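Trainee: Mind having a look at this structure? Questions to follow.
The values are calculated or read from the model by the stated rules, or taken from the named source; none is laboratory data. This one's a predicted model, so the numbers in the text were calculated from it and none came from an experiment. Here Cβ is always computed from backbone atoms with ideal geometry, including for glycine, and neighbour counts include all displayed protein chains. Keep in mind that these areas ignore ligands, DNA and RNA; they rest on the heavy atoms of the full protein, side chains included. Shrake-Rupley method; radii C 1.70, N 1.55, O 1.52, S 1.80 Å.
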Amino acid sequence: MTDRFVFGYESRMKALDEEVFLTGLPSLAARKTCEALLAAPSQNVVHALVREKDEEAFSSFLEDLPAGSRERIHRLVGEPSAIDLGLSGAEWQSVRARIQRIHHVAGTSQLGMSREQAQTEHVAAAREVLELARHCPRLRCLVHHSSASVSGTRTGLVLEDELVMGQSFRNVVEEAQAHAENLVLRARSRLPIVVLRPTLIAGDSRTGELDRFEGPHFLMLLMVTSPPDFALPLLGRGDLPLHLVPADHVARVAALIGSDSR
């Protein structure tokens, strides 16, 4: 795979604008981010880090893309939390010499995992991505996809430059996301870094596509499947807003912010 990439794509890449390293595929958030990067006015190439167990789902994602976009994705089989991202020495050296931008989307909000699993999924992966970024001579921006959940149980006004404020967390995933973001923020003095904190991410605004049911989706499912004459009990006051953002909107904003020199 490495040789085919280095030699087979060499001539085509001379005409391309940027090469982007992307983690997290084939999750919905990463798929939408990949689509947004490929849809940009520039002819980006995406180096996609894919776990071995996800190769079949990744192949299905590729099949759904237009041919012109499909040929600008280079698959790298690895593991976000492993040393050198699980890549061979040749792959790691080739990628770090080429890429200008990194979008680190890998991570899960799935509840039920242990604290150790959550720390591996978020903190260890962030550490390895930072290590790659430090060795990229052409790096223009590392975009770390975090979450508003890093604020934990805080209430009231929460500013974007506030992270470690003595807050507690509702679960080990929120705690791990906050630790990972803190790790990334501490590297800002040495690396060009952008941190994104979207709120709860819903499905695609046009297709309704989801990759799994979680959080508010269970409430929505209960609402649409309940008999019309059934009074649905609500916890709390029941009149507060629920903050959701579509996955495709997050992806478009992430691609735009990540390519802005400011």
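Residues are listed down the side, and each one gets a yes or a no for (1) at pLDDT 95 or above; (2) more than 25 Å from residue 202 (Cα to Cα); (3) touching a strand residue (DSSP E or B) at 6+ places or on another chain (Cβ under 9 Å); (4) surrounded by 16 or more Cβ atoms within 10 Å (Cβ to Cβ):
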site: 2; (1), (2), (3), (4): no, yes, yes, yes
site: 5; (1), (2), (3), (4): no, yes, yes, yes
site: 46; (1), (2), (3), (4): yes, no, yes, yes
site: 101; (1), (2), (3), (4): yes, yes, yes, yes
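Trainee: With respect to the numbered conditions (1) within 24 Å of residue 247 (Cα to Cα); (2) without any contact (Cβ under 8 Å) to a residue 12 or more places away in the chain; (3) not β-branched (Val, Ile, Thr), which one is the sole condition not fulfilled by residue 171?
Mentor: Single failed check for residue 171: (2).
Trainee: Another question, then. Within the range 73-86, how many residues are open to solvent by 20 Å² or more (accessible area, probe 1.4 Å) and either without any contact (Cβ under 8 Å) to a residue 60 or more places away in the chain or part of a loop (DSSP other than H, G, I, E, B) (or both)?
Mentor: Qualifying residue count for the region: 6.
Trainee: Can you give me the number of residues within the range 149-190 that are in a loop (DSSP other than H, G, I, E, B) and open to solvent by less than 20 Å² (accessible area, probe 1.4 Å)?
Mentor: Going through the range 149-190 one residue at a time, the tally reaches 3.
Trainee: Anything in the range 29-50 that is farther than 12 Å from residue 73 by Cβ, in contact with an Asp or Glu (Cβ under 6 Å, 6 or more places away or on another chain), assigned to a loop (DSSP other than H, G, I, E, B) and not hydroxyl-bearing (Ser, Thr, Tyr)? List them, or say none.
Mentor: Of everything in the range 29-50, just one residue is farther than 12 Å from residue 73 by Cβ, in contact with an Asp or Glu (Cβ under 6 Å, 6 or more places away or on another chain), assigned to a loop (DSSP other than H, G, I, E, B) and not hydroxyl-bearing (Ser, Thr, Tyr), namely 43.
Trainee: Does residue 129 count as buried (at least 21 other Cβ atoms within 10 Å of the Cβ), assigned to a helix (DSSP H, G or I) and touching a helix residue (DSSP H, G or I) at 6+ places or on another chain (Cβ under 9 Å)?
Mentor: Judged against the criteria, residue 129 is a match.
Trainee: Also: Quick one: would you say residue 70 is open to solvent by 60 Å² or more (accessible area, probe 1.4 Å), modelled with pLDDT under 95 and in contact with a Leu (Cβ under 7 Å, 6 or more places away or on another chain)?
Mentor: For residue 70, the condition - open to solvent by 60 Å² or more (accessible area, probe 1.4 Å), modelled with pLDDT under 95 and in contact with a Leu (Cβ under 7 Å, 6 or more places away or on another chain) - is met.
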